[in-house]
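Undergrad: First the structure, which I've put down as structure tokens, then a few questions once you've had a look.
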Amino acid sequence: MRTKSSQILIGLMLAVAVLGLSGCPKKQAVDKPPVGEMGNTLNDGRFGTTATLNCGQGKGLNIGGSRNTYTVKGKCGSVVVGGDENKISFDGIETDLTVAGLNNTITYREGNPNVQDLGTGNTITHG
Amino acid sequence: MMSRLALGMVAAVGLYIGTFGLPMSGPCVGVAGAAPSPTCSSDLRECLRLSAKTGIYGARYVTAEDVAKCVEAFNACIHGGASTGGNTAPPPTTSPGGGRKGLPQHFAIDDTSGIVGDCRLNGDAMSCTQSWGSPPDWVQTWSGTVTGTLSGLTMTGNQKVHVLGDAGQGCTLEENYSGSVTYVFSLDGTVKITAGPVHRESTFSCAEPTSGTSEGGESQGTWSPIN
């Protein structure tokens, strides 16, 4: 005849077996920043921000966020805008300007980049 | 009564194991399903949308790392031979994504708990057979299946898990879990897995059966084509 104590022991054995596993590591991970430079390319994933960025001499720039107002100093190499409704003013873009997002307003004063508008509603102005 | 309560408590804890191997840490933010995206640019927008997080003050953002990954996949897409307009066939690729649209017909999903899914696509119908290579010692057999519908890069479906285990003292435990599951695939070979709510039915050879429902949880895994 099984006693209450033995049944509780069964329960405790199972509890010990399962508790050895980790919790929700992904949920507890520290969030990484929305802005960072990787391989001579600036990556910006902010939303609703007004800021000045600096490409220096030839850094690439990837804009992944939306509804930002950016002034970009220096000469950018390749630029990719994947977000939407950004207003971005560049001193200069040297190599490529690719706009894949929607309803962005982009101006660049200097450079003769290969411009590709792959989104919709974008306004790209040179000068 | 006390024994039943004890076993019920244990069975609830045992959800940690049996519930698809996902930690039962409460609700995490899920991602809604995505619409089909036929172009490189729409894939990029989708990648960024799926990568967006909410900070502690409610501000939305994408990490710089995720921006870089999404743009890398985008550049591979547009430089792989497809037209910039995207109205051409997807280019070949050697990325883990297996193709501009991401998912091949036969692929594996590996979540961080060691559960591996062997998945096949038939149109938009997806099915996976799951196995757990290193379950806890008390688990004798563990098997799972996932069936669902793929829309864009998101699969919404159901998961079922069957567990047989040693409850000690010569007793056995059999559990059946079922619940909803969502896979959100990214072009960089990662997949976000959200499961729940999960319903459990437990049968003990030495005690009365129990049942319960839990919220589920979220984890991150990887996917890769199987040739």
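The values are calculated or read from the model by the stated rules, or taken from the named source; none is laboratory data. The structure displayed is predicted, hence computed values, not measured ones. Backbone-built Cβ (ideal geometry, glycine too); neighbour counts: all protein chains shown.
Undergrad: Taking into account only those residues within region B:142-187 that are surrounded by fewer than 19 Cβ atoms within 10 Å (Cβ to Cβ) and touching a residue at least 60 places away in the same chain (Cβ under 8 Å), which is nearest to B:S219 (Cα to Cα)?
TA: Within region B:142-187, the match that is nearest to B:S219 (Cα to Cα) is B:T156.
Undergrad: Next up: Considering only residues that are among the hydroxyl-bearing types (S, T, Y) and more than 7 Å from chain A (Cβ to nearest Cβ), which ones fall in region B:48-76?
TA: B:S51, B:T54, B:Y57
Undergrad: Can you find even one residue in region B:87-96 that is at pLDDT below 80 and within 14 Å of chain A (Cβ to nearest Cβ)?
TA: The answer is yes; a qualifying residue exists.
Undergrad: Could I ask something else about it? For region B:149-227, list the strands (runs of 3 or more DSSP E) that sit wholly inside it and hold at least 1 residues that are modelled with pLDDT under 85 and away from chain A (no Cβ under 13 Å); which are they?
TA: Those strands (runs of 3 or more DSSP E) span B:210-214, B:217-225.
Undergrad: Which numbered condition in (1) among the small types (G, A, S); (2) over 20 Å from B:A68 (Cβ atoms); (3) in a strand (DSSP E or B) is the only one that A:G48 fails?
TA: All conditions pass for A:G48, except number (3).
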